[in-house]
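The structure appears right after this line, and notes come after that.
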Amino acid sequence: MTGGTILEAREVRKVFPLRGAARRGQELVAVDAVSFALPRGGALAIVGESGSGKTTLARMIVGLEAPTSGEIWFDGSPRQYSRRAAHRRQQAREIQMVFQDPYSSLDPRQSATQCLEELLRLHFTFTAEQIEERIAELGGQVGLGQAEMNAKPERLSGGQRQRVAIARALAVQPQVLVFDEALSALDVSVQAQLLNTLSDIKDRSDLTYVFVSHDLAVVRQITEQVLVMQRGHVVETGATAQVLSAPQHPYTRLLRSSVPGPGWRPKRLDHEPSSREPQDHGEAN
Amino acid sequence: MSLLEVRDLCVWVQTEGKDRQVLRDVVLSVAPGEALGLVGESGAGKSMTARAVGRMLPTGASATGDILFDGASVLAMTGRDLRAFRRRGTSFVAQNPLSAINPVHTIGDYLTEPLVVIAGMRHKAASEAAVAALAEVGIMDGLRVLGQYPHELSGGMLQRVMICSSLLSGSRLIVADEPTASLDVTTQSQVMAILDELRRERSLSLLFISHDLELAAAICDRISVMYAGEIVECQNARGLQAEPRHPYTRALFAARPTIDGASHRLPAIPGRAIAAHEAGAGCSFANRCPYVAPQCNTEHPLLTETDGGQVRCLRAAEIAALPLPMRCPP
């Protein structure tokens, strides 16, 4: 770690108006009063279940959603939510995101090389040789060979596509990378390879990671700090090792005890709400 | 005698005009009241095995070998026998209940239709039976749920409805294909508890398909591990966790991050999993195996009986004596 706060959330809140005749005028508080500070080179996990607000928080960090109130600070200044293209490009170079589904997040008509070339032309004033060098460098960083770099996504496996997505995020030299369940859809052996690649990238730079995940084992492996979210609120926060080995909040304990492992037995709780609303949309006011 | 017995099942499917093999000599058996886990990564052939068991192979597929359900050959069934087998023999709990249940009908229609049409029950009696079965899966306001549509229920609730429908069908074998893959961990724990409890109470057999070794080990008696379209290892669940015998199983356990501690690097399995049709003459795991020997590349290992299980590895006996692959210290 090279010290100094790179990313900070100050009392961030996001409210969505609900749609539909029956719910007109009602609001959904997706994220409420969330604050954290992340040092440069650190790794933060945001964990929780569907409807906890973790993805909304990630989208606000990246700038895909503007907070209703509160601020996201990057490197000492608050993030702005302007529609101006130049400004948005500028902010995109600060924080990048890798999405959950590599089957829908890549353009099916572009190979990794074409995709990276377009990005590099858009963001930098490189010569053709510089672009070529940079593409080769990015391919090496994420462990993709020449053949894979030139293949269309349909010819790639899920793990290879996610490597392309990571290369695309790294191309603009961001200081923060946000992963939204980016390893969840992958097989165990592919996930292990990618986790190692991510540790290698981090070892060689002072990149900062934000990991949105429901997988506590993955979070334990790659992050140092954790926010546990439930229905828009942070219910527990601290060092990942500490929170996962000695969870304090009942919800963290429940999450922890729901993970299968040696000697684990599934538990019947029977407190789940039968209607869909509270689960998938968080807390309705 | 086994309720379900799969013998040397080979399946080819048509892709891009070519016949490609997807299953190679799959062998498994499920005794009455037993739960068998079928574990492996994407493309290993788990779901294709399940589809073959239900006689639901894709169009253009061909199969050799045999699938015996209660002594009768499933692959040879036609007409009336096949319909009876699909109605009462096996029931499926699918990965995505929202796409497995007709969205334009109510839960009540879904649950009572088979009772009315097949068992000849009156509507009122069928509804009462459905409400009683819903209570068993922990849905206490069954009458209200019968009037709801699939989109009004959460994923966990819908999966309970699917389990409920399995119970109502009276089938003796439940085939559950990644039933909790799309659910949150706390919901997964509940759905698995319900499935496990009801199966034991009624001594039903379960074929449980999962990519999650730990989850399968928690609810199954025995586990078969698949790789590249074939079974590479079968053992009782506890034995598999304590002493996995096949190099692939050993590597898979080691590669998984654990909640109890981080390591600087995970012992990842190098390379990628091959598909069944890409397998050569030797062992299908040879190109990624840390214990590979020259004969592994030329000689195809057979699924060999070892005490209380089976393993498909030429060097199984030597490897059993070696320590498990270790994580590097943080």
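The values are calculated or read from the model by the stated rules, or taken from the named source; none is laboratory data. If you're wondering where the values come from, they're calculated on a predicted model, not measured in any experiment. A quick note on method: Cβ atoms are made from the backbone with ideal geometry, for glycine too, and the neighbour counts reach across all protein chains shown. Surface accessibility is based on the protein's heavy atoms, side chains included, excluding ligands, DNA and RNA. Shrake-Rupley method; radii C 1.70, N 1.55, O 1.52, S 1.80 Å.
Before moving on, here are some points about what is shown:
- With eigenvalues of the C-alpha gyration tensor scaled by 5 and rooted, the range A:1-43, Å: 36, 8, 5
- Taking max minus min of the alpha-carbon positions on each principal axis, the range B:64-127 gives extents of 42, 29, 17 Å, largest first.
- Per-residue average of Cβ from other chains inside 10 Å of B:145-158: 3
- Average silhouette area of the protein assembly as shown, convex hull of alpha-carbon atoms, in square nanometres: 30.0 nm²
- Fraction of alpha-carbon pairs over 19 Å apart in the range B:165-220 - percent: 23 percent
- Here the ratio of the Cα radius of gyration of the range B:203-282 to 2.2 N^0.38 Å is 1.21.
- Mean partner shielding of peptide A:196-206, defined as the number of other chain Cβ atoms within 10 Å of each residue Cβ, is 1.
- DSSP beta bridges in the protein assembly as shown [antiparallel fraction, %, rounded to 5]: 60 percent
- Sorting the Cα pairs of the range A:125-186 by distance into bins of 10 Å, from 0 upward, gives 20, 50, 27, 3 percent per bin.
- Relative to its Kirkwood radius, the Cα radius of gyration of chain A gives an Rg/Rh of 0.98.
- When the Cα convex hull of the range A:69-121 is projected onto planes of every orientation, the mean area is 5.4 nm².
- Separation of the A:Arg155 and A:Ala86 label points, Cα + 7 Å toward Cβ, nm: 4.0 nm
- For A:Leu7, residues with placed amide H under 5 Å, excluding near neighbours: A:Leu38, A:Asp75
- Gyration tensor verdict on the range B:1-108 (Cα atoms; rounded if a/c is under 1.5, prolate if a/b is larger than b/c, oblate otherwise): rounded
- Between the residues B:Leu98, B:Met56, B:Val39, the greatest Cα displacement towards the positive end of the dipole of the protein assembly as shown, with unit charges on the Cβ of Lys, Arg, Asp and Glu, is found for B:Leu98.
- What a 1.4 Å probe finds exposed on the protein assembly as shown is 50% carbon and sulfur by accessible area, rounded to a whole percent.
- Cα gyration tensor shape for the range A:163-230, rounded if a/c is under 1.5, else prolate or oblate: oblate
- Per residue, the accessible area of chain A comes to 46 Å², computed with a 1.4 Å probe over protein heavy atoms only.
- Surface per residue (accessible, 1.4 Å probe) for the range B:177-330, Å²: 40 Å²
- Rounded, prolate or oblate (a/c below 1.5 giving rounded, otherwise prolate when a/b exceeds b/c) for the range A:61-191 by Cα gyration tensor: oblate
- Relative to the longest principal axis of the Cα atoms of chain B, the long axis of helix B:107-117 makes an angle of roughly 80 degrees.
- Between helix B:155-169 and chain B: long-axis angle, C-alpha atoms, 0 to 90°, nearest 10: 80 degrees
- Inter-chain Cβ neighbour average for residues B:248-259, partner chain, 10 Å: 5
- Quarter the surface of the alpha carbon convex hull of the range A:1-102 and you get the mean projected area, 8.3 square nanometres.
- Interface size B-A, as summed buried accessible area [1.4 Å probe, Å², nearest 100]: 4200 Å²
- For chain B, diffusion coefficient by Stokes-Einstein and Kirkwood Rh (Cα), 25 °C, 0.890 mPa s, µm²/s: 116 µm²/s
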